[in-house]
Amino acid sequence: MKKIYLSALVASLLVGCASNDANEVNKSDYVTGQVANATTPLPPSANTTALITKLDPNKAPSQNFDLTKWKINIPMEDDKPGRAGKVMEISAQKLGSTTNPYTHSDWFYTDARTGAMVFATPNKAMTTPNSKNARSELRAMLAKSYKDPKNNFAIAANPDAADYGSIGGELSATLSVDWVSTSGNADKNGAFSTVIGQIHGSKNEPLKIVYRKLPGHEYGSLYWRYEINATGDNYSKRKDIYHNVFGAYDLREGSVEPMDGIKLGEVFSYNVNVENSIMHLTFVKNIGEQGEEVKTAEIDLSKPHYRGNEYDEGYANDWMYFKAGNYNQCNVGSSECTNNGIAAGDYAKVSFYQLTLDQ
């Protein structure tokens, strides 16, 4: 795999806002379009500088972050016996090890300048079942076995809540999206976007947090999606309901720049706190600065018919789990993205400076 290292992102990271890979390449390896989209250094951030101070760039991700309750999928074929033809999966036991830590030089590694935990994903690679999109993404594991109900969590309204590993839980992250694909069809919401945090149910997803930036725009948009929990004979009726946070989810070619959005390399945070049956969401940009902006939302996951949707059953009878990382939505199918490699800009990259799971 040919790598490209964006000097502009390095510069902004060194002032506390973005991330870059460790090695260097000649300027001839830079792609003009990529550099043009990410050349403006961001102002210093005291919050990001403080987080970087706590991270050791010489250590693997699990030595900087508590990954003992996570497993990871990375975008390549598994090399373990019995998993031929399946996407690579690294267990929580191996991923969370501090003595023999897992890392992958292309898809999951520590930024050698900042210590951030980096997730990178191409536009096309082996995927998990029932998905068209490649990912480098963590999945919460509260038990050792997928089949054990205690591996997942439920909300308080679930009549069998005591059978699960947790009632609710909290996921908190501070991160930057450093790159999204520059190819794709602007009429498709998946183009130029990646999912950076999720709550996944047994069939559907009550939460996906998405970052999307159109080519030619300096600012991208942050939004979240609630998928109505339609099951059984109504499964085909499931759909996403979109909620803007910073910017707007439905921008198209020629749309006005979302000046209230978030730039590539800009550090922001999200917090997902499921208490009893309520999902509380908090999003913050310009963290700790004079222009700090905080957006909040909440939804009762136990209630059916969200926003009047007749097919939504709610999630009171379901089980769920958290996910975090880089779930690239720019696939070569429905999003009409190309897969011409990293140097062509056909990938997504996300850097986490803080990630905690409380369950």
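Quick look at the numbers
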item: Residue match in the range 255-264 (condition: part of a strand (DSSP E or B) and under 21 Å from Thr296 (Cβ atoms)); result: yes
item: Scope the range 43-86; condition modelled with pLDDT under 95, among the hydrophobic types (A, V, I, L, M, F, W, C) and not in a helix (DSSP H, G or I); matching residues; result: Ala84
item: In the range 45-78, residue surrounded by the most Cβ atoms within 10 Å (Cβ to Cβ) [restricted to those that are within 29 Å of Glu292 (Cα to Cα) and among the charged types (D, E, K, R)]; result: Asp66
item: Lys132 in contact (Cβ under 8 Å) with a residue 24 or more places away in the chain and in a loop (DSSP other than H, G, I, E, B); result: yes
item: Residue in the range 264-280 that is open to solvent by less than 60 Å² (accessible area, probe 1.4 Å), under 19 Å from the mean Cα position of the chain (by Cα) and without any contact (Cβ under 8 Å) to a residue 60 or more places away in the chain present; result: yes
item: Residue in the range 87-104 that is open to solvent by 50 Å² or more (accessible area, probe 1.4 Å), in contact with a Pro (Cβ under 6 Å, 6 or more places away or on another chain) and either outside any loop (DSSP other than H, G, I, E, B) or farther than 16 Å from Thr121 by Cα (or both) present; result: no
item: Looking only at the range 135-180, and only at residues there that are part of a loop (DSSP other than H, G, I, E, B) and of a type in the set (Phe, Trp, Tyr), the one that is surrounded by the most Cβ atoms within 10 Å (Cβ to Cβ); result: Tyr164
item: Number of the condition not met by Met126 [criteria: (1) modelled with pLDDT of 95 or more; (2) more than 19 Å from Gly197 (Cβ to Cβ); (3) assigned to a loop (DSSP other than H, G, I, E, B)]; result: (1)
item: Members of the range 265-280 found to be of a type outside the set (A, V, I, L, M, F, W, C) and part of a strand (DSSP E or B), listed by number; result: Ser269, Tyr270, Asn271, Asn273, Glu275, His280
item: Candidate set: the range 293-321, residues that are of a type in the set (A, V, I, L, M) and more than 21 Å from the chain's Cα centre (by Cα); chosen: the one least open to solvent (accessible area, probe 1.4 Å); result: Leu301
item: Count - residues of the range 216-238 that are free of Cβ contacts under 8 Å to residues at least 60 places away in the same chain, surrounded by fewer than 15 Cβ atoms within 10 Å (Cβ to Cβ) and on the phi < 0 side of the Ramachandran plot; result: 3
item: Residue in the range 95-106 that is within 17 Å of the chain's Cα centre (by Cα) and hydroxyl-bearing (Ser, Thr, Tyr) present; result: no
item: Residue count, the range 281-291 (criterion: in a loop (DSSP other than H, G, I, E, B), closer than 14 Å to Thr174 by Cα and open to solvent by 40 Å² or more (accessible area, probe 1.4 Å)); result: 2
item: Residue list for the range 267-305, restricted to those being touching a Gly at 6+ places or on another chain (Cβ under 7 Å) and of a type outside the set (Val, Ile, Thr); result: Tyr270, Glu275, Asn276, Leu301, Ser302, Lys303, Pro304
item: Options Gly261, Gly288, Gly254: the member that is in contact with a helix residue (DSSP H, G or I) (Cβ under 9 Å, 6 or more places away or on another chain), small (Gly, Ala, Ser) and either in contact (Cβ under 8 Å) with a residue 24 or more places away in the chain or over 26 Å from Ser45 (Cβ atoms) (or both); result: Gly288
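The values are calculated or read from the model by the stated rules, or taken from the named source; none is laboratory data. Computed from a predicted structure; not experimentally measured. No Cβ is skipped: glycine too gets one built from the backbone with ideal geometry, and neighbour counts run over all protein chains shown. Heads up: the accessible areas ignore ligands, DNA and RNA and are worked out on the full protein's heavy atoms, side chains in. Shrake-Rupley method; radii C 1.70, N 1.55, O 1.52, S 1.80 Å.
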